[in-house]
């Protein structure tokens, strides 16, 4: 009797599920379609933009383009001095931000407990710093470095402004690097009676180098992509810079100027954009290779 | 020198580094305040919203300092971009994690990372040369609020997708295993288990995207048309706060310059508001 009932109810259940099958599958189908179409749209736009940049830019790129000076406001000639200025700005930026960033990261990860007031304060203000719009960094750099410190529109001002901007990225990645060093290292060093200084320099720093490299490369990526913070700090001059006190135009500012202010500059704007993207892809590849190889972690580039 | 001496020097140096980087934000706000003080004092806060137009070159007496149309433009462009990019970004992350075949998902992840790394000026160039003429062929003049919204959407979608993806990665595996053990279908797993569990992370992703949209300068400057007005339709040109600073900083003097630093302060206030919202809602670091 009981058995019969069970069989019966099973049959009923089976029946209803068959009846509802189309309707119950509907959300499933809609969700699958939505996920695939979101991905399709994103991929489509990506291919569209990239194909456009490559198609318009590849024809203009040659060795002469990479080394010659721009002529006729950039419509002709090349981007030689602009590449040099870009590299100099990057060098200034990294020379300032790497020691500061690594120092802060070491303090935060090794010598401050996460709960301490000072550590919390530094972390929170770095979080805010990471969200400050780049044009505000431009205003700040213009007021402080160009005018207050009297550096004028120069590669030095531009580099210093960018170094403020990349600090949060650098610090986060470096901290990650120190965090991935096993705690045994610290315990063993303490057991051997090593000083904190030599523990840091001999043991922890070498082990955390991959994190520093990742941070460095991510910082370079951010600095290379930046335009707004540089217009009023390193300036527009497209001649070969003679010293760090000269104004120098970065690659991104060059693209902006060619497309907005120079009629007929689109071709070289695209070519410069292609060069910039290729440099960025190369740096990103180095970063993710380093991260995967040594840290075994993925670090967000956003 | 004894161990403790060198150690003290080391920790002192590190503390100095951290103090400098930690107070940098305060320095930025301080300098913005100092530089914008003349305008705040002589023009007054009220006139930044009550003046009839933005004609700042006449000085404090004859100039007009209404920032409101630009604040509206920034807000509208950000809201529009969020409206489009939130479903796209979260959808992309869901696709890469739960719907795509393994190889395709990884490839798609790489594409998202590349999109996130493309400089904003390149998006602006593309928007100016390709997108704006396309919009113009439908509704002239092309450089408009709509173009700005579309370019911003393309820029913040990868940001949202990356942060959402990281959130999915960090969910406990047991959630997925439990869902599988219950025999839940794919959509029931995603919609009923994953998305609710990842809610605060997804919110952070959206806030991060809106921060990027508010702060974006070059791409918007290149496609928005830059007419100072409160837009009545999607097809009218607008000028955002950031674009205004970039356009006028080159020749601004006196009160005009101070007024631009003021708009920098407004931008900082918007970002601070976002961080505050994130603190309250997710109890997490949104830019961490």
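The values are calculated or read from the model by the stated rules, or taken from the named source; none is laboratory data. If you're wondering where the values come from, they're calculated on a predicted model, not measured in any experiment. Cβ coordinates were reconstructed from backbone atoms using ideal geometry, including for glycine residues, and neighbour counts include every protein chain displayed.
Out of curiosity, is residue A:108 crowded, with 17+ Cβ neighbours inside 10 Å, touching a residue at least 40 places away in the same chain (Cβ under 8 Å) and within 30 Å of residue A:238 (Cβ to Cβ)? Judged against the criteria, residue A:108 is not a match.
Within the set A:101, A:80, A:59, the sole residue that is touching a residue at least 60 places away in the same chain (Cβ under 8 Å) and surrounded by 21 or more Cβ atoms within 10 Å (Cβ to Cβ) turns out to be A:101.
Residues that are more than 7 Å from every other protein chain (Cβ to nearest Cβ), out of contact with any helix residue (DSSP H, G or I) (no Cβ under 6 Å at 6 or more places or on another chain), surrounded by fewer than 21 Cβ atoms within 10 Å (Cβ to Cβ) and on the phi > 0 side of the Ramachandran plot do occur in segment B:165-183, at least one of them.
Can you confirm whether residue B:254 is modelled with pLDDT under 90, surrounded by fewer than 22 Cβ atoms within 10 Å (Cβ to Cβ), under 25 Å from residue A:27 (Cα atoms) and more than 10 Å from chain A (Cβ to nearest Cβ)?
no
Note on segment B:257-288: residues that are within 15 Å of the chain's Cα centre (by Cα), at pLDDT 85 or above and either under 23 Å from residue A:236 (Cβ atoms) or not in a helix (DSSP H, G or I) (or both) total 1.
This table checks each residue for (1) crowded, with 21+ Cβ neighbours inside 10 Å; (2) at pLDDT 90 or above; (3) out of contact with any strand residue (DSSP E or B) (no Cβ under 8 Å at 6 or more places or on another chain).
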{"site": "B:71", "(1), (2), (3)": "no, yes, yes"}
{"site": "B:75", "(1), (2), (3)": "no, yes, yes"}
{"site": "B:81", "(1), (2), (3)": "yes, yes, yes"}
{"site": "B:114", "(1), (2), (3)": "no, no, yes"}
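Within segment A:116-131, restricting attention to residues that are without any contact (Cβ under 8 Å) to a residue 12 or more places away in the chain and facing another protein chain (nearest Cβ under 7 Å), which residue is surrounded by the fewest Cβ atoms within 10 Å (Cβ to Cβ)? Among those that are without any contact (Cβ under 8 Å) to a residue 12 or more places away in the chain and facing another protein chain (nearest Cβ under 7 Å), it is A:121. Scanning segment A:147-185 for residues that are touching a residue at least 40 places away in the same chain (Cβ under 8 Å), over 23 Å from residue A:123 (Cα atoms) and assigned to a helix (DSSP H, G or I) gives A:155, A:156, A:157, A:158, A:159. Of the set (1) within 24 Å of residue B:242 (Cβ to Cβ); (2) assigned to a helix (DSSP H, G or I), all apply to residue B:176 but (1). Residue B:162 - would you say it is modelled with pLDDT of 95 or more and within 12 Å of chain A (Cβ to nearest Cβ)? So residue B:162 does not fit the description; no.
Selection of first residues in segment B:92-110 that are at the interface with chain A (Cβ under 9 Å from one of its Cβ atoms) and of second residues that are part of a loop (DSSP other than H, G, I, E, B) and surrounded by fewer than 22 Cβ atoms within 10 Å (Cβ to Cβ), restricted to Cβ pairs under 7 Å at least 6 apart or on distinct chains, gives the following pairs, ordered by first then second residue: B:108/B:100.
Of the helices (runs of 4 or more DSSP H) lying entirely inside segment B:1-75, those containing at least 3 residues that are touching a residue at least 12 places away in the same chain (Cβ under 8 Å), within 14 Å of chain A (Cβ to nearest Cβ) and within 21 Å of residue B:215 (Cα to Cα) span B:3-42. Report yes if some residue within segment B:197-204 is within 30 Å of residue B:44 (Cα to Cα), within 22 Å of the chain's Cα centre (by Cα) and either crowded, with 21+ Cβ neighbours inside 10 Å or within 13 Å of another protein chain (Cβ to nearest Cβ) (or both); otherwise report no. The answer is no, given that none of the residues of segment B:197-204 is within 30 Å of residue B:44 (Cα to Cα), within 22 Å of the chain's Cα centre (by Cα) and either crowded, with 21+ Cβ neighbours inside 10 Å or within 13 Å of another protein chain (Cβ to nearest Cβ) (or both).
Residues that are touching a helix residue (DSSP H, G or I) at 6+ places or on another chain (Cβ under 8 Å) and surrounded by fewer than 18 Cβ atoms within 10 Å (Cβ to Cβ) were ranked within segment B:39-55; the one that is farthest from residue B:267 (Cα to Cα) is B:42.
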